[in-house]
1. Hey, HIS83 hits all of (1) closer than 26 Å to ASP139 by Cβ; (2) buried (at least 18 other Cβ atoms within 10 Å of the Cβ) but one; which does it fall short on?
2. What residue, of GLU77, GLU126, is among the charged types (D, E, K, R) and within 30 Å of LEU239 (Cβ to Cβ)?
3. Working only within the range 89-142, note down all residues that are part of a loop (DSSP other than H, G, I, E, B) and farther than 18 Å from GLU288 by Cα.
4. Looking at the range 79-104 only, could you name the residues that are over 14 Å from the mean Cα position of the chain (by Cα) and either closer than 17 Å to ILE224 by Cβ or of a type in the set (S, T, N, Q) (or both)?
5. Every residue in the range 77-111 that is out of contact with any Phe, Trp or Tyr (no Cβ under 9 Å at 6 or more places or on another chain), within 19 Å of MET132 (Cβ to Cβ) and touching a residue at least 60 places away in the same chain (Cβ under 8 Å), please.
6. From LEU295, LEU256, grab the single residue that is more than 20 Å from GLU197 (Cβ to Cβ) and not in a strand (DSSP E or B).
7. From the list GLU126, GLU133, which one is crowded, with 21+ Cβ neighbours inside 10 Å and not hydrophobic (A, V, I, L, M, F, W, C)?
8. Checking the condition within 18 Å of the chain's Cα centre (by Cα) and modelled with pLDDT of 90 or more, which residue from ALA278, ALA221 passes?
Amino acid sequence: MLARHIQYFLAVAEHQGFTKAAAALHVSQPALSQQVRQLEESLGAQLFDRSGRQTRLTDAGEVYLRYALRAAQELLEGKRAIHDVGDLSRGTLRIAVTPTFTTYLVGPLAEAFHGRYPNITLNVREVAQEHMENQLLADELDVGIAFDEVHAQDIDASPLLVETLALVVGQQHPLAGEQAIGLEALNAESLILLSKEFATREQIDRYCNKHGIRPRVAMEANVIGALLEVVRRTTLSTLLPAAIARAHPQLVAIELGPQQLQRTAVLMQRKGAYQSAAARAFLALAKEVADGLALQAK
């Protein structure tokens, strides 16, 4: 009964009125009004101001709303927990990755997970890290794969793999036969880089500034697939994880030195969140796949 009262309260708060809320809930307006009044009586406080054209939350209603939203989230988690199947014969899992991982990590990870747990529906999204954290906190995601620059206090992060960024070129590039170059060689390069909304670009710019490198940025792209196509077809080069080049036979990764550009990828979850059997299996498998990729890189 309490869950219904909370649901009805949240609907009236969202729609700012009983008529629209009743329609959204597919209940009669008198029934909705009665449920909300019962809630107010049990709390000993008026939650809505009904005197105007729009129904608005009172001060007490504003306070109660915060707790009701939290309770609704907990109830949804409880529902998922009840339907969680320990033997992984069914279920769903919502994961998100930052963009560079879609080019070399998602494929092997999805292949391994589907091969081992074919009845689990895997929902994969490409999300910028700051939005990923917000979605984890809102219980819109189960697991995120991003970098160790976690901002939110309520996010748990565990190391997954260490990425090394390299100069990535096409086979026709003059440096394609090199295994490694010094950082100063970047000053002579014309680059195509990810645009500035990407965490990768921020890390590249910070790295170049730190070491006094001033490469010429001839192009920018906000789609990694397009960027890789340009590198493959031209003599422009880019800075991306070396693993991306290993996943694309027509690309070559050239090591930068002596100061390498590295970053740590992490598995992220909301602190205290319910962890389904599918999530536990995914976390373990992700580390297996990451270890396998690390061995391939040696």
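1. (2)
2. Exactly one residue qualifies, and that residue is GLU126.
3. Scanning the range 89-142 gives SER89, ARG90, THR98, ASN119, VAL127, ALA128, ALA138, ASP139, GLU140, LEU141, ASP142.
4. SER89, THR92, THR103, TYR104
5. THR92, PHE101, THR102, THR103, TYR104, LEU105
6. LEU295
7. Details: GLU126 fails: crowded, with 21+ Cβ neighbours inside 10 Å.
So the residue among GLU126, GLU133 that is crowded, with 21+ Cβ neighbours inside 10 Å and not hydrophobic (A, V, I, L, M, F, W, C) is GLU133.
8. The unique qualifying residue is ALA278.
The values are calculated or read from the model by the stated rules, or taken from the named source; none is laboratory data. Note that the coordinates shown come from a computational prediction; the quantities given were computed from them, not determined experimentally. Methodologically, a virtual Cβ is constructed for each residue, glycine included, from the backbone with ideal geometry; neighbour enumeration extends over all protein chains shown.
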